[in-house]
Amino acid sequence: MPVAVCDVYGAVLLANPAMAAECGTTPGRLRGRDVLDLFSPREATQVERIAEALRLRHRSRYQVSVRWRAPGGVERYGELTADPVSDTVEDTPALLVMLRVDAERVPSPTAPGEQALVTPMEARILALLAAGATTARTARETALTTDGVTYHLRRLSSRWGASNRTELVARAYALGVLTPEVWPPGVPGDKA
């Protein structure tokens, strides 16, 4: 798993070889670089909330959806998780940063562009939602918690500018993420 330790401002103090490989360099060459120069946040407001929480000395796990150019110029997507760590509560924390690389994205055949891309998990949640599943049922069927389902729905709503679940499902159909000719709702390429 790609891992780095950063100061509270995001400057890399050290990184493991997996993190360096994602950036196309060696661990030593990452030292001193700003982690947000290496990985671009997909939602700027996420970073602002984290900075404010750290300023207030909140000790929580923070997640930021990111994209970056991997070696060879391929654009990749994933999620950075930052955990404040220090010996005492009074110490200024360092940030233990872990990168989860999305294994696969399902592109929309009708609307090319980044906002139409969804992870397989997001596509599954949207299909269940379109079929009328509650948050609790969706959580059971995807092996997530209800908070996990809500997290994915909030990210999608923010990305697509949807104000409620009905609008979110409508956008999923409009972008080609869900197949309109199939019931129950499905994702293009899924086998019934």
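The values are calculated or read from the model by the stated rules, or taken from the named source; none is laboratory data. Remember, it's a predicted structure, so these values are computed and weren't measured experimentally. Methodologically, a virtual Cβ is constructed for each residue, glycine included, from the backbone with ideal geometry; neighbour enumeration extends over all protein chains shown. SASA here: full protein model, heavy atoms, side chains in, ligands and nucleic acids out. Shrake-Rupley method; radii C 1.70, N 1.55, O 1.52, S 1.80 Å.
Worth pointing out:
- Extreme residue, nearest to R171 (Cα to Cα), among residues of the stretch 102-125 that are aliphatic (A, V, I, L, M) and at pLDDT 85 or above: A123
- Residue within the stretch 14-34 that is at pLDDT below 85, open to solvent by 40 Å² or more (accessible area, probe 1.4 Å) and part of a strand (DSSP E or B) present: no
- Some residue of the stretch 134-150 being exposed (fewer than 14 other Cβ atoms within 10 Å of the Cβ), within 26 Å of R67 (Cβ to Cβ) and of a type in the set (S, T, Y): yes
- Condition check for V89: among the hydrophobic types (A, V, I, L, M, F, W, C), open to solvent by less than 40 Å² (accessible area, probe 1.4 Å) and modelled with pLDDT under 70: no
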